[in-house]
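Here's a structure for you.
Bear in mind that the values in this text are calculations on the coordinates, not laboratory data. Every value quoted in this text rests on a predicted model; they were computed, and no experiment measured them. We place every Cβ from the backbone using ideal geometry, glycine too, and count neighbours over all the protein chains shown.
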Amino acid sequence: MRLSQSKNWPAAGYCAALIACLVSFPVRADAAQPIANPSLTKNWVFDAGAVFQNLDGGATADLSRGGGGSIGFSQIGLDDHATSPFFAARWRFADRWRLDFTFDSVDVDGSRTVSRDIEFGFITIPASARADSSLNIRNYSGFIGYSFVKDEQSELGARFGLTIMDAKFSISGTANALGQTISTGTQKAEVVGPIPTLGIYGTYALSNRWTVEGSVDGLAGSLGDYSGHYLAATANLTYWLNDVFAIGVGYRYVDGKLEHEGGLMTKAVEIKYSGPVVKASVGF
């Protein structure tokens, strides 16, 4: 695999520095009541919540013989706001070793009368025609991590991960000519593939109830006919209602792109989204 540096690493660096500062920041604990926060002691923790996404991105369908092209989602009226489910799980199978899993998705539709011709794959949508589009993305991520710092109050570690990005984009056009409705047909750009990542994570217990935690993961590269990048940064504030249940708020940022160079067509989908997160957690 050929690796290349992502343009978004400066932002990831700021998040990584924030996580490290939170973990290393000294907070005095009451010796009579030592911190035993479930975020640091539970073997299993499951999260379920929602991400209120602000979306951007685009898709490509280039023909190898020439033709086709790329379009930005804002050009075709694809919704730039969405609320999508978010799921995560963590398994501490040893004192310093852990497995993490996350799932997030994007499901939006759009419709707009375009102001210029759009060439995408085998179809051309003329100016003044209506373009109808849809985007569906599923990101499945798994990580194995080792905590270099691990005690009753804090944790800081590094992890290796693999994200499966499953992206489906489609667009079609309809135009009116001489009183008749003419369809341009439908063109799809569908790509599925793995993207390996490297990242860091941190947790800091403000008390036995309150926890600040976050992670940054990303990498860019190519393998065979596939290339792409994936960057995800998350920060959460969690409050444990008791020893089992918790609620939390946070913020999540994702920037991903996957491209496949085929014999007839090169297809790619790129997505960026960020927004607040609300979640509920259960630990065992």
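Report the calculated FRET efficiency for Ser115 and Ile164 (r = Cβ-Cβ distance, R0 = 35 Å), to the nearest 0.05.
Working: r = 37 Å, r/R0 = 1.04.
The calculated FRET efficiency here is 0.45.
Evaluate the charge dipole of the chain about its Cα centre and quote only its size in Debye, nearest 20, assuming +1 on the Cβ of each Lys and Arg and -1 on the Cβ of each Asp and Glu.
Once rounded to the nearest 20, the dipole reads 240 debye.
Next up: In whole Å, how far is the Cα centre of the stretch 188-240 from that of the stretch 130-184?
13 Å
Answer with one residue from Tyr140, Phe87, Ser128: the one whose Cα lies farthest towards the positive end of the charge dipole of the stretch 59-217, charges on Cβ with Lys, Arg +1 and Asp, Glu -1.
The residue sitting farthest along the positive end of the dipole is Tyr140.
Measuring from label point to label point, each 7 Å out along Cα→Cβ, what is the Ala280 to Phe87 span in nm?
Roughly 1.5 nm, to one decimal.
Could you work out the local net charge near Ile271, counting Lys and Arg as +1, Asp and Glu as -1, over the other residues with Cβ closer than 12 Å to its Cβ?
Net local charge, Ile271 excluded: -3.
Measuring from label point to label point, each 7 Å out along Cα→Cβ, what is the Arg209 to Tyr239 span in nm?
Here the answer is 0.7 nm between the modelled labels.
Let me ask something else about it. Within the chain, what is the number of lysine pairs with alpha carbons under 14 Å apart, leaving out pairs fewer than eight places apart on the same chain?
Value for the chain: 9.
Once you have the Kirkwood Rh of the chain from its Cα pairs, apply Stokes-Einstein at 25 °C and 0.890 mPa s and quote D in µm²/s.
Rounded, D is 120 µm²/s.
For the chain, what does the helix formula give at 222 nm: sum of -39500 (n - 2.57) over DSSP H segments with n ≥ 4, over the residue count, nearest 500 deg cm²/dmol? Intermediate results must be reported in sequence, preceding the final value.
Values: 2 runs with 20 residues, N = 284.
Value at 222 nm, helices only: -2000 deg cm²/dmol.
Rounded to the nearest 10 degrees, what's the angle between the helix 9-24 long axis and the longest principal axis of the chain, both from Cα atoms, 0 to 90?
20 degrees
Still on this structure, I have one more. So, R0 is 51 Å and r is the distance between the beta-carbons of Ala36 and Leu223; what FRET efficiency does that work out to, to 0.05? It would help to have the intermediate numbers written out before the result.
Numbers: r = 44 Å, r/R0 = 0.86.
For R0 = 51 Å, the calculated efficiency reads 0.70.
Trypsin sites (Lys or Arg not before Pro), restricted to the stretch 95-187: which are DSSP loop and have at most 12 other Cβ atoms within 10 Å?
Here the sparse-neighbourhood loop sites are Arg116.
Within a Cβ distance under 10 Å of Tyr226, other residues only, what is the Lys/Arg minus Asp/Glu net charge? Walk me through the numbers on the way to the answer.
Values: positive: none; negative: Asp225, Glu259, Glu261.
It works out to a net charge of -3.
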